[in-house]
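The values are calculated or read from the model by the stated rules, or taken from the named source; none is laboratory data. Here the structure is a predicted model, which means the values were calculated and not measured. Cβ: placed from backbone, ideal geometry, glycine included. Neighbour counts: every protein chain shown.
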DNA sequence: AATTTACCTTTAAATAGTTATAAATTAAAT
DNA sequence: ATTTAATTTATAACTATTTAAAGGTAAATT
């Protein structure tokens, strides 16, 4: 799980400026269990930062990804979701309502999958598609 | 692997018209081992069907997906790739050159992954990211 | 504390993939 | 051959994301 101060220190030590926007984005992502889109973050952050822009959100999120703090999920064809964690795990995506849930995977499974390729795998995504219980009962 | 006639018969039996464009798209996808994008298909088909449009390609591909003949891959953030097969397997994506390769998975592995969720999983994608040997040596 | 500078955010516009619409075309039923 | 309903096409619209340029700001320097 994220430690805000650690992430901010790391940003600073890499020569990045600690702007209010960056702090706000890191704080807003910290401890989340959901997988917000750029738009969700934009709406939420706009309350504290009325002038914040998508460009800032996308660039900060990209920075956090490069630093290994978050993952970009392409499970949803329509838009990118951000997952503020790096530990490998799978995701279940409901094809009707778009609900997106984390699924644990043990380290063995992760390693086995990474080793399926003869090339060196840097990261891994496992996406399960189906209907969540709510959508299935209608 | 695909059988063109079987797919065309199935289309017809479901009440879909066998248009020249649909036949051309099915024929062009048949037996492929790569994972063309809409644009690739468009360019290729344009030789035989100079008036073919993206709308036709997208709608036909969607039809084939609904009928269970092909999969839509979201491994590449930039664009959708189509995989003319339904057997579950993993994909390796080179983050530099975009090369996309099939990786075999045995049925056990597939089942184990599908069962990671307590919900009923209809389909599955496993994406491995890294650098292909060529890109790694530069 | 003021100045400077390089980086950052913002605004606005551009881009690219995909989808919607409406008119024209055509497969196939009559 | 005619009819009809589905399909294709051309065009425009749409949406998520990225880019470019102008102004703003963190933090290093004086």
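Name the residues in the range A:35-65 that are under 11 Å from the mean Cα position of the chain (by Cα) and surrounded by 14 or more Cβ atoms within 10 Å (Cβ to Cβ), would you? Before you say what the answer is, go through the steps one by one.
Residues of the range A:35-65 under 11 Å from the mean Cα position of the chain (by Cα): A:35-38, A:61-62, A:64-65.
Scanning the range A:35-65 gives A:35, A:36, A:37, A:38, A:61, A:64, A:65.
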For this session: Would you check which residues across the range B:55-79 are in a loop (DSSP other than H, G, I, E, B) and either within 13 Å of DNA strand D (Cβ to nearest atom) or away from chain A (no Cβ under 14 Å) (or both) and list them?
Result: B:67, B:69, B:70, B:74, B:76, B:77, B:78, B:79
Exercise. Within the range B:66-90, restricting attention to residues that are free of Cβ contacts under 8 Å to residues at least 40 places away in the same chain and away from DNA strand C (no atom under 11 Å from the Cβ), which residue is surrounded by the most Cβ atoms within 10 Å (Cβ to Cβ)?
Worked result: B:90
Seminar exercise, completed: Taking first residues from the range B:1-26 that are without any contact (Cβ under 8 Å) to a residue 12 or more places away in the chain and in the same structural domain as residue B:44 (by TED's automatic domain parsing) and second residues anywhere that are assigned to a loop (DSSP other than H, G, I, E, B) and within 11 Å of DNA strand C (Cβ to nearest atom), the pairs with Cβ under 9 Å that are 6 or more apart or on different chains are B:12/B:18
Problem set entry | Unmet requirement for residue A:85, which otherwise passes all of (1) in a loop (DSSP other than H, G, I, E, B); (2) closer than 18 Å to residue B:75 by Cα | (2)
Exercise. Tally time: how many residues in the range A:109-135 are facing chain B (nearest Cβ under 7 Å) and either in a helix (DSSP H, G or I) or over 23 Å from residue B:66 (Cβ atoms) (or both)?
Worked result: 13
For this session: Test residue A:35 against the stated conditions and say whether it is within 13 Å of DNA strand D (Cβ to nearest atom), within 25 Å of residue B:74 (Cβ to Cβ) and away from chain B (no Cβ under 14 Å).
Result: yes
Exercise. If we keep just the residues of the range B:2-15 that are within 20 Å of residue B:71 (Cβ to Cβ) and within 13 Å of DNA strand C (Cβ to nearest atom), which is farthest from the other protein chains (Cβ to nearest Cβ)?
Worked result: B:8
For this session: Test each condition in (1) within 11 Å of another protein chain (Cβ to nearest Cβ); (2) over 19 Å from residue B:28 (Cβ atoms); (3) touching a helix residue (DSSP H, G or I) at 6+ places or on another chain (Cβ under 7 Å) for residue B:97 and report the one that comes out false.
Result: (1)
